[in-house]
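For reference, the structure is listed below as C-alpha cells.
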Amino acid sequence: MKRTRHDLVVVGAGSGGYAAARTARDLKADVALVDHGPLGGLCILRGCMPSKTLIASSDAAHDMREARELGIHARDIKIDFGHIMRRKNRLIKGFADYRIEGIEQFPLYSGQARFLSPHELQVGDHHVLVADKFIIATGSVVAPASAVHGLQDAGYIDSDAALELTELPRSVIVLGGGYIGCELGQFFARMGVKTSIVLRSNHLLSGEDDDIGDALTAYYREEGINVHTRTQITRVERRNGKKVVHVIHDGVDGELEAHELLYCLGRIPNIAGLNLDAAEVKCHAITGIETDETMRTCNPDFFAIGDVAGKHMLVHVAIYEGEIAARNAVTGGSEKADYSLQKTHTVFSDPQVAVAGATEKELVRSGTAYVKGTYDFAEHGKAECLNKTKGFVKILAEPEDGTILGAAVIGPDGSDMIHEMIVAMYYKATVSQFVKIPHLHPTMAEIWTYPAEECCAKLQMALPGEIEPEVMTGGTAG
Ligand SMILES: Cc1cc2nc3c(=O)[nH]c(=O)nc-3n(C[C@H](O)[C@H](O)[C@H](O)COP(=O)(O)OP(=O)(O)OC[C@H]3O[C@@H](n4cnc5c(N)ncnc54)[C@H](O)[C@@H]3O)c2cc1C
C-alpha cells in the first residue's frame, strides 16, 4: 500500500470539510482532503440547494393560484414536473462543478476512509495517509427506517429519493413533521399531490415555540394538507397497490393510505466504516462524535465538525465549526465555538420560519426572565399591499437593559427577514437602540420596529418609581 504524509487530513469534502481545508491552507498548512464521492457534499447534491430549487417551483404555482386576490386570474396552471427536475439538475450540476473545482485544488484522495491507528488512515484499497492531525467531516445519513415496523417491506422514499423522482406520486404520507417533512410535504401538496403529514407532537416543528408551530400547522391545514398531530405510527403495510399506515390517535386505532410514503424521521451521523475505535475517538450512534467547544474529540489530535458532530445539522454551522477546527488543529490553539447565535435556523416552508438567539422555550426552561413584543403581518401595511399577511414576528428582550435575547419570524421571506435581527444580536443591541435604526417605508423589514417598540414600552414601565413591568419569568411565559 502506498503511504503518504500530510500535517493535516480532512475526511469528508462537504461544506464543513471544504471550509476546514481552505482555512488550513490559508494558514500555510500541508492539508489533504479525503472523500469517497460523489463530490459536492449534502447541501449541494441532496440537501439545501436541490430542495430550495424545487420549492421555488411549488411556491410559484401557489402564488399563481393566490394571485386572484391581486386581480390576476391564472387559468389552467400546468405543472411540467420533467422541466422542474431538469432545471434542478442543471443548477445542481453547476453548483457541484464549481465546488469540485475548489476541492481539486487540494491533494485529494478518493475512496472510503478507514482509520488503522491514531495516525494512519486507509483510503480505498491502495493508500494509507499518515498525519499528525485529522478533522472528521463525514456528514450524516437518513436515520434507519427499521424503527417503523413494516416500512422496508411496504417501500418508501426518503429525502434523497424525493429529490430525484421522475414523476409525482398521486398521494403521499409524510412520516415526520420536522423541517424536511414540512418543506418537502408542502412541495408535494403545491405540486397537486394529495398530502398528509403524520407526527407525534402537538404541532409541526416540535422543537420550535408553540405559537410558531401551532401557526404553521394551522396554515398547512388551511392549504389542504392533512396534518395528523399527536399521532403514533404503529406499523405500515402494502395493500391493493397502496401503502397503509396504521396509527393511534387519542387512543383510537386508525389507518391512512397513500400511493407513496416519504420517510422524514431524522438523520444520524455518518460514521459507518470509519473504524473510530482504532483512532481512539468516542462516538454515539445518534448524537455523533463527541467534541468539546474547540471541536476536539476525546483524542486531542482529532477534531469533528458538521453533521457528524451532531450539534446543529446546518450548513453555516458545519462551515463555522470547520474553520474553528482548522485553526485549532494548525495552531494548537483553543478557540471555542459559541452557538448562541450560530444556532440560528430557518425552515423554507411558506410562510417561512426563522429563529435567532434564544427561544421562549429555552428561556422558560432556564428560568430566564424576559419581555416579549409581537406583531402580526396581517396588521402590517406592506404585507397587506403584497397580500402576504400570514404569520408574525416576535422579539424577546432582557428585562433590565433591553438586550435582545431572541427573535423569531413566521412569515413572508422569514429566512431573509431574520438577518436584521442576527446583526442586531451580534452587536448585542438593546430594543431601545434597535428602534433608533432607520427603517425604510413601506417595507416588510420595518415590521421589526413594532415588537421592539412594544418591548421598549414594557421596559419603560420598569423605570424606578413607575408601574411594575410586564416581565415573563421562566415558568409563566408560554
Ligand atoms: C433535504 C435536506 C435539506 C436541507 N436543507 C438545509 C437548509 O436549507 N439549510 C441548512 O443549513 N442545512 C440544510 N440541510 C442540512 C445540510 O445539508 C447539512 O447540515 C450540511 O450539508 C452538512 O455538511 P457536512 O460538511 O457536515 O457534511 P456533508 O456535506 O454531508 O459532507 C460529508 C462528505 O463526507 C464524505 N464521506 C462520508 N463518509 C466518508 C468516508 N467514510 N470516507 C470518505 N468520504 C466520506 C461524503 O462523500 C461527503 O462529501 C438539509 C439537509 C437535507 C437532507
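The values are calculated or read from the model by the stated rules, or taken from the named source; none is laboratory data. Everything numeric here is computed off the predicted structure, so don't read it as measured data. Cβ: placed from backbone, ideal geometry, glycine included. Neighbour counts: every protein chain shown. Each accessible area value is taken on the protein alone, full model and side chains, heavy atoms only, with ligands, DNA and RNA left out. Shrake-Rupley method; radii C 1.70, N 1.55, O 1.52, S 1.80 Å.
Using mean Cβ contacts within 10 Å as the protection proxy, how do 375-384, 147-156 order, highest first? Working shown, then result.
Working: 375-384: 17.0, 147-156: 15.3.
Order by mean packing, descending: 375-384, 147-156.
So which DSSP H runs in the chain come out at 20 Å plus along the axis (Cα) with average Kyte-Doolittle of at least 0.0?
Span-like helices in the chain: 315-331.
Run the numbers for ARG86 and ASP413: contour at 0.36 nm per residue of separation, minus the present Cα-Cα distance, in nm.
So the chain would gain 115.2 nm between ARG86 and ASP413.
Taking the Cα centre as origin and putting +1 on Lys and Arg beta-carbons and -1 on Asp and Glu beta-carbons, what dipole magnitude results for the range 1-73, to the nearest 20 debye?
480
Probe radius 1.4 Å, ligands and nucleic acids left out: which of ARG200, ARG22, ARG221, ARG90 has the largest accessible area, and how do the rest follow?
From most accessible down to least: ARG200, ARG90, ARG221, ARG22.
Roughly how much of HIS6 is accessible, in Å² to the nearest 10, using a 1.4 Å probe?
Roll a 1.4 Å probe over it and HIS6 shows about 10 Å².
What distance in nm separates the simple spin-label points at ASP253 and GLU290, each placed 7 Å from Cα in the Cβ direction?
According to this spin-label approximation, the distance is 4.3 nm.
Kindly provide the helix-only [θ] at 222 nm of the chain, computed as the sum of -39,500 (n - 2.57) over DSSP H runs of four or more divided by all residues, to the nearest 500 deg cm²/dmol?
-9500 deg cm²/dmol
Along the charge dipole of the range 1-152, Cβ charges K/R +1 and D/E -1, which of LEU8, SER110, ALA56 sits furthest on the positive end?
Value: ALA56.
Once the piece of chain linking ASP7 and LYS336 is laid out straight, how much longer is it, given 0.36 nm per residue of separation minus the C-alpha distance between them?
Gain on stretching ASP7 to LYS336: 116.3 nm.
In whole Å, what is the distance between the alpha-carbon centres of the range 311-356 and the range 52-108?
That distance is 26 Å.
What size of dipole, in debye to the nearest 20, comes out for the range 110-211 about its Cα centre when the only charges are +1 on Lys and Arg C-beta atoms and -1 on Asp and Glu C-beta atoms?
Details: 6 positive and 13 negative charges, 48 e Å.
So the dipole magnitude of the range 110-211 works out to roughly 220 debye.
Using 0.36 nm per residue of separation minus the Cα-Cα distance, give me the extension gain between GLU384 and ILE72 in nm, one decimal.
Contour length minus the Cα-Cα distance gives 110.7 nm.
In debye, nearest 20, what is the charge dipole magnitude of the chain about its Cα centre with +1 on Lys and Arg Cβ and -1 on Asp and Glu Cβ, if you could check?
Using Cβ point charges on Lys, Arg, Asp and Glu, the chain gives about 1480 debye.
Using Cα positions and a limit of under 18 Å, work out the lysines in reach of LYS390, with same-chain residues fewer than 8 apart set aside.
Cross-link targets: LYS382.
Distance from the Cα centre of the range 150-222 to that of the range 32-47, in angstrom?
Centre-to-centre (Cα) distance: 26 Å.
In square angstrom, rounded to the nearest 10, how much accessible surface does SER201 have for a 1.4 Å probe?
Probe radius 1.4 Å; accessible area of SER201 about 40 Å².
Under 1.5 on a/c is rounded, so check that first for the range 320-389, then, if it is not, pick prolate when a/b is larger than b/c and oblate when it is not; a ≥ b ≥ c are the square roots of the alpha carbon gyration tensor eigenvalues.
Details: a/c = 4.05, a/b = 1.90, b/c = 2.13.
Cα axes put the range 320-389 in the oblate bin.
Using a probe of 1.4 angstrom, how much of the accessible area of the range 162-266 is carbon and sulfur, in percent?
About 43 percent, which is the carbon plus sulfur part of the accessible surface.
Reachable lysines from LYS93, Cα under 18 Å, same-chain residues fewer than 8 places away excluded?
LYS52
Can you tell me how the range 1-41 classifies by the Cα gyration tensor, rounded, prolate or oblate, using a/c under 1.5 as the rounded cut?
oblate
Work from the charge dipole of the range 336-471 (Cβ charges, +1 for Lys and Arg, -1 for Asp and Glu, about the Cα centre) and give the residue of SER340, ALA429, VAL371 farthest towards its positive end.
Farthest towards the positive pole: SER340.
From the Cα gyration tensor of the chain, with a ≥ b ≥ c the square roots of its eigenvalues, which class applies: rounded if a/c is under 1.5, or else prolate if a/b is larger than b/c, or else oblate?
Oblate, because a/c is 1.5 or more while a/b does not exceed b/c.
Accessible area per residue of the chain at 1.4 Å probe, in Å²?
On a per-residue basis, 46 Å².
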